[in-house]
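Heads up, the thing below is written out as C-alpha cells.
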Amino acid sequence: MKQIARECGVAISTVSRALNGSTSIRPEVREQIVATAQRLGYRPNNAARALRSRSSRTVGVVLPDMLNTFYAKCTAILQDQFEAQGYGIRLAVTGNSVDREREALARLESERIDGLVIVPTARRWQDHIRGVPAVQMNRHTKSARADIVQSDEAYGARELISHLLNLGHRRIAVLIGDKNFSTTQDRMLGVRDAYDSSDAFAGPTRVLFGTHSRSWGAQAFDDLWTAGERPTAIFAAGSEIALGVLHRTREMGVSIPEDISLVCFGDPEWFLVSDPPLTTFEQPVREVGMIAAQLLLGRMGADEAADASHVRVSGRVIVRESTTAPPE
C-alpha cells in the first residue's frame, strides 16, 4: 500500500479507502489507485484485516476425508452458501485422526475463523477451539454444545435391513464403521429396530466393525466367505466398504445377487452404473449441507446465544438389482 501511495502521490489512508470501495474519493483518483494496485499485483493481507476487525470472513470446514462422496458434495454446497454471504472456507481433512483434528482446530482458531462446520473424530473436540460458533455435520458428540444436522442414519439402516428381511433373508452380515462414531451407533439402532419390528429372530448373523475403506471392505468379505455359514446378504455402511466387497466378489467369482445380495449407504454415481446397480439409502446431501450453512450463518449473526438444535433429515431407499430373494 505504501508503494501504491508513492506511485499515485497520495496518502496511505487514501489508498486504503479507495481499495475498500469508499465513495469519498474523487473518481479519477480512485481509478488511478485501483489500476496501480492491479498492475503491482496487490492482494489484501487477510491476516492483518482479521487482527484489526476480529473477523476473517472465513469459515473452517473439518472433514474426515474427501474420498467419501457425501462429504465432497457437502463441501461444494457449503462453499456455495458461504461465498454467497461473503465468506471463504478453509478446509481441513483429519483422516479420522484425533491428533490431526486437534492440530487443524488450533490452526483454524489462530486464523480467527468466524465459524466452523465439523464432522468430529474426538469426543471433546470443542476443547481445542473456544468461542467459535460451530455446527456438527452428520457425526456428533454429546460433549459438544453445538448445533447438529445429519441424515437420519437410523431410518436408513432400518429400511435397508427391512428390505432384506422382507425378501426372506435371515443370514445378514453387517459391515459397519468405528463403533465410537455416532453414525455407527445410529445405524446399529436402525438395524435393531428392523429386527424388532419383524418376525425374524434376534438379529444379524454377524456384525463387523472396521473402517470406511475399500481394503477393509474386501477383508471383511473374505472373513465372511470363509466362515462356516455364509451370509445370504450384506449391509455395507459406506460406499468404500461396498467397493471393497464388489472387488472381492468379482475376483472370487461370487455373483450378486444370485449368490449374495448387497445393500449400501450413500449413493455415489457409480452405484447406478455398477453391475448390478446397487440398492442403497440415498442420503439427503444437499439438504444437510444447506441446513448446516444456514444454522452456522445464524450463529454468526443474531442467533449466537440460542439453544443448540438437532436436525435429522430423511433420505430414501432406492431398490435396484443388487438384491433378490436368498438362494435355496
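Within region 77-123, being of a type in the set (D, E, K, R), over 24 Å from residue 290 (Cβ atoms) and out of contact with any Pro (no Cβ under 9 Å at 6 or more places or on another chain) holds for 99, 100, 102, 103, 107, 109, 111, 112, 123.
Only one of 147, 127, 114 is surrounded by 20 or more Cβ atoms within 10 Å (Cβ to Cβ), farther than 29 Å from residue 316 by Cα, modelled with pLDDT under 95 and out of contact with any Gly (no Cβ under 7 Å at 6 or more places or on another chain); which?
Working: 147 fails: farther than 29 Å from residue 316 by Cα; 127 fails: surrounded by 20 or more Cβ atoms within 10 Å (Cβ to Cβ).
Sole residue among the options that is surrounded by 20 or more Cβ atoms within 10 Å (Cβ to Cβ), farther than 29 Å from residue 316 by Cα, modelled with pLDDT under 95 and out of contact with any Gly (no Cβ under 7 Å at 6 or more places or on another chain): 114.
Does residue 85 satisfy being buried (at least 17 other Cβ atoms within 10 Å of the Cβ), out of contact with any strand residue (DSSP E or B) (no Cβ under 7 Å at 6 or more places or on another chain) and not assigned by TED's automatic domain parsing to the domain that holds residue 218? Spelling it out, it is not the case that residue 85 is buried (at least 17 other Cβ atoms within 10 Å of the Cβ), out of contact with any strand residue (DSSP E or B) (no Cβ under 7 Å at 6 or more places or on another chain) and not assigned by TED's automatic domain parsing to the domain that holds residue 218. Do we find a residue being under 29 Å from residue 87 (Cβ atoms), of a type in the set (Gly, Ala, Ser) and at pLDDT below 90 anywhere in region 261-277? Looking through region 261-277, at least one residue is under 29 Å from residue 87 (Cβ atoms), of a type in the set (Gly, Ala, Ser) and at pLDDT below 90.
Looking at 177, 210, can you tell me which residue is outside the structural domain of residue 119 (by TED's automatic domain parsing), under 18 Å from residue 280 (Cβ atoms) and in contact (Cβ under 8 Å) with a residue 12 or more places away in the chain? Step through it out loud before you land on a result.
On the way: 210 fails: under 18 Å from residue 280 (Cβ atoms).
Result of the check over 177, 210: 177.
Checking 142, 73 one by one, the residue that is under 30 Å from residue 195 (Cβ atoms), of a type outside the set (A, V, I, L, M, F, W, C) and either in contact (Cβ under 8 Å) with a residue 12 or more places away in the chain or not in a helix (DSSP H, G or I) (or both) is 142 and no other.
Taking the numbered list (1) at pLDDT 90 or above; (2) among the small types (Gly, Ala, Ser); (3) within 27 Å of residue 176 (Cβ to Cβ) in turn, residue 60 passes all entries but (3).
A quick yes/no check of all residues on (1) more than 23 Å from residue 167 (Cα to Cα); (2) aromatic (Phe, Trp, Tyr); (3) within 24 Å of the chain's Cα centre (by Cα):
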position	(1), (2), (3)
188	no, no, yes
206	no, no, no
219	yes, no, no
226	yes, no, no
232	no, no, no
242	no, no, yes
249	no, no, no
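When region 239-292 is examined, which residues are found to be of a type in the set (A, V, I, L, M, F, W, C) and surrounded by fewer than 16 Cβ atoms within 10 Å (Cβ to Cβ)? Within region 239-292, 252, 270, 272, 273 meet the criteria.
The values are calculated or read from the model by the stated rules, or taken from the named source; none is laboratory data. Treat the numbers as computed from the prediction; the structure is a model and nothing was measured. FYI the Cβ positions are ideal-geometry reconstructions off the backbone, even for glycines, and counts take in every protein chain you see.
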